[in-house]
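Report on the structure given below.
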Amino acid sequence: MEEKRIFQALQERGVPFQRIDVRNLTFELGSSGLSGSSTCASHALCDVVLIRCLSHTRALYAARMLDERGVRTVNVHRAIASCGDKVLTSMALIEHGVPTPYTAVAFSQATALATMETMGYPVVVKPPVGSWGRLMAKLNDREAAEAVLEHKRALHQDDPYYVQRYVEKPGRDIRTLVVGDETVYAVYRHSSHWITNTARGGETSICPITPQINNISQAAARAVDGEIVAVDLLETREGRLLVNEINHTPEFHGAVKATELDVPGRIVDYVVQAASEQVRKREGR
């Protein structure tokens, strides 16, 4: 749905573009070779590539290999790497002094349980790589923790245990969209469930972009080198904002419905600007 709206915004602005399906491409490593049914992804034929792969690994590898060939991508592979892995996201936020929930990473079932006991229940366990709130679990006590971790072990999932202290939400969280130096929108995501993702039934409504929301959203984007990213914020009982996650391929249909903003147009305008900068750089202007 989002991609169709982006295509429409490109057409309305008269911007020539080509849709690239990375599943049809082959990158020849160690050379500039690229083959497939769509060969726009060559520095001679395109100025910028907007990465919209749903797959984290496809997005990351495609952006990295395009960068190797001198192709400008939005987002850059560094941002995709940081945003697509929750462990790396948390580390980047902490490194840059951006408030985020208390988080720990454990590498065995025993140490994960010990960490949860020390942290205090409830806690939230998430897969390091994943989206739409899938495979997340809120654990209210040790029995629940033991059951979930045992299931994880039985499924032969050898990912590290990414554990966060649960933040009591007021029936909502906040999602913002950062495009370049602008926080385009902020929306509340309401749900009676502790997971408020719109993919899981959360409803959106307008949230005023306060200086606090703008500042923390911009800081989060800078921490991961993000150019077009969605930032998920949690409100604490004390009124503080914490950055929960950052998404490098943001969906925005719920926000468009709530705000009536031309979000795809803002995205396209930024990408066109990036393309223009690439042309000037290539021509030495």
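At a glance:
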{"item": "Residues being touching an Asp or Glu at 6+ places or on another chain (Cβ under 7 Å) and farther than 22 Å from residue 130 by Cα - total across the range 170-199", "result": "2"}
{"item": "Subset of the range 201-227 that is touching a residue at least 60 places away in the same chain (Cβ under 8 Å) and surrounded by 15 or more Cβ atoms within 10 Å (Cβ to Cβ) - its residue that is nearest to residue 241 (Cα to Cα)", "result": "216"}
{"item": "Matching strands (runs of 3 or more DSSP E) fully within the range 130-241 where at least 2 residues are hydrophobic (A, V, I, L, M, F, W, C) and more than 28 Å from residue 111 (Cα to Cα)", "result": "172-179, 182-190, 228-235"}
{"item": "Options 129, 124, 148; residue that is under 30 Å from residue 58 (Cα atoms), touching a residue at least 40 places away in the same chain (Cβ under 8 Å) and out of contact with any Asp or Glu (no Cβ under 9 Å at 6 or more places or on another chain)", "result": "124"}
{"item": "Among the candidates 275, 230, 255, residue that is under 15 Å from residue 172 (Cβ atoms) and surrounded by 15 or more Cβ atoms within 10 Å (Cβ to Cβ)", "result": "255"}
{"item": "Every residue from the range 106-119 that is within 28 Å of the chain's Cα centre (by Cα) and more than 19 Å from residue 151 (Cβ to Cβ)", "result": "119"}
{"item": "Residue 189 being closer than 26 Å to residue 122 by Cα and either out of contact with any Gly (no Cβ under 9 Å at 6 or more places or on another chain) or among the aromatic types (Phe, Trp, Tyr) (or both)", "result": "no"}
{"item": "Hits in the range 176-225 - residues which are at pLDDT 95 or above and among the acidic types (Asp, Glu)", "result": "181, 182, 225"}
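The values are calculated or read from the model by the stated rules, or taken from the named source; none is laboratory data. This structure is a prediction, so every number in the text was calculated from the model and none was measured. Glycine also receives a Cβ, built like all others from the backbone with ideal geometry; neighbour counts cover every protein chain displayed.
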